[in-house]
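The values are calculated or read from the model by the stated rules, or taken from the named source; none is laboratory data. Quantities reported herein were computed from a predicted structural model and do not represent experimental measurements. Cβ: placed from backbone, ideal geometry, glycine included. Neighbour counts: every protein chain shown. Heads up: the accessible areas ignore ligands, DNA and RNA and are worked out on the full protein's heavy atoms, side chains in. Shrake-Rupley method; radii C 1.70, N 1.55, O 1.52, S 1.80 Å.
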Amino acid sequence: MDISVYRPGELTAADRAAWTSIQSKAHLQGAPELGNPFLSPEFALAVGRCRRGVRIAVVREGGEPVAFLPFQRTATGVGRAIGLGVSDAQGVVHRPGFTFDARELLKACGLAVWEFDHLVDGQTAFASAATGSFPSPVMDVDQGYDAYLAHLRARAPKFTRTTLAKERKLARDHEDVRYVHDERDPAALRTLMAWKSAQYRRTGRSDRFAQEWITRLVEQLFHTRSDSFAGVLSVLYTDGRPVAAHFGLRSERILACWFPAYDPAFSKYSPGLVLHLRMAEAAAADGIAHLDLGRGQKEYKDSLKTRELTVSEGWVTRRHPVAFGHRARRAPVRALRNTVQSRPELFEPADRLLKRMGRIRSGRT
């Protein structure tokens, strides 16, 4: 096994094609999770244009590339999954039957530790390093939108009736309700990011779009398009104005949901839920197998899902003082966050406090 490490711009066209080929065949070979767009070369290269320290490990056997690991590295050898904090699928993209030693891979990459928080299923070499596993809900549409809607009606009849009734009311109250699945107007993307920033502040969360690199990344991905990958902006309009929007990433079979938001003035219509149903309908027509709603406890995800995938978080470490120090700093914070999020008696008052702080920061009482 030969392991080479490249800067993003050094990756050859042949290697990129091999990487894409592995992803396109993954669902046929029992590893559909490897087809996630967050695991694509396009996402890795886009992060590389926005962040320092991005590297890509290419594993070859007999001169042929068989596995790819994109990562970010500091000068001290601390490694993180590429786009950690915004990427919803992480791991090694590999051919069927490929096995490796995690610490040997880290050594070849010059890493003392590699941290992940959305490790996909099937990453056997990293499994023992996981400190926790979490559900990632999905909406299956591989049998068509009608089949998905029938499943939703059977599993959550009240939710389905209510959401569809609100969509009809929106159409009665406003003219020209229309849905654009793949909007190419950058102004609509700016509107979405403004809504999302306001939502983060309103709920007391950290505003991701206040970080310049995340804004640049989303804008780059919006303009990235190929047969196997695209940034997709979906918008629900009424009266010629957007009322809900979502930006996500599409591979051949998966639409990864990422940044949804809506105009609070239209909240009584639940436009975000209406938007997700329209996204599911359009994605099914495009041959998408499922929409990945991403890790995180949200009521709307529980309502829309058909099943759940599992993602994990943790650290792979070598015997190295840098690894020990990094884990000692990060572990208590992550453990506290997960404890609060998993226990309603802790999460609900914490959530109320964050929202109160958000109102204060926004100048509202």
Exercise. At a 1.4 Å probe, what is the % contribution of carbon and sulfur to the accessible area of the range 8-49?
Worked result: 55 percent
Exercise. Taking the chain as a Gaussian network, where each spring joins two C-alpha atoms under 10 Å apart, which residue of I82, I214, I254 fluctuates the most?
Worked result: I214
Problem set entry | Value of D in µm² per second that Stokes-Einstein yields for the range 26-154, Kirkwood Rh from Cα pairs, at 25 °C (0.890 mPa s) | 152 µm²/s
For this session: Roll a 1.4 angstrom probe over the protein heavy atoms and tell me the percent of accessible area of the range 104-182 that is carbon or sulfur.
Result: 51 percent
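Per residue of the chain, what 222 nm ellipticity follows from adding -39500 (n - 2.57) for every DSSP H run with n ≥ 4, rounded to the nearest 500? Walk me through the numbers before you get to the answer.
Details: 12 runs with 152 residues, N = 365.
Calculated mean residue ellipticity at 222 nm is -13000 deg cm²/dmol.
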Exercise. Could you give the accessible area per residue of the chain, probe 1.4 Å, as a whole number in Å²?
Worked result: 47 Å²
Problem set entry | Selected from G77, G85, G63 as most flexible by GNM, with the chain as the system and alpha-carbon contacts under 10 Å | G63
Exercise. So how far, in whole Å, is the C-alpha centre of the range 18-65 from the one of the range 229-292?
Worked result: 25 Å
For this session: Please name which of F159, L149, V58 has its Cα lying farthest along the dipole of the chain towards the positive end, using unit charges on Cβ (Lys, Arg +1; Asp, Glu -1) and the Cα centre as origin.
Result: F159
Seminar exercise, completed: Expressed in angstrom, Rg and Dmax over the Cα atoms of the range 155-256 are 15.7, 42
For this session: Taking a cut-off of 26 Å between Cα atoms, list the lysines near K268, but don't count ones fewer than 8 places away on the same chain.
Result: K158, K166, K169, K196, K298, K301, K305, K355
Exercise. Among H174, H223, H276, which one shows the biggest mean-square fluctuation in a GNM of the chain, springs joining Cα atoms closer than 10 Å?
Worked result: H174
For this session: With 10 Å bins from zero, work out the P(r) of the chain over every alpha carbon pair and list the percent per bin.
Result: 5, 22, 33, 26, 11, 3, 0
For this session: For the chain, give the magnitude of the charge dipole about the Cα centre (Cβ charges: +1 Lys/Arg, -1 Asp/Glu; no others), in debye to the nearest 20.
Result: 1640 debye
Exercise. Given the chain, what percent of its DSSP beta bridges are antiparallel, to the nearest 5?
Worked result: 90 percent
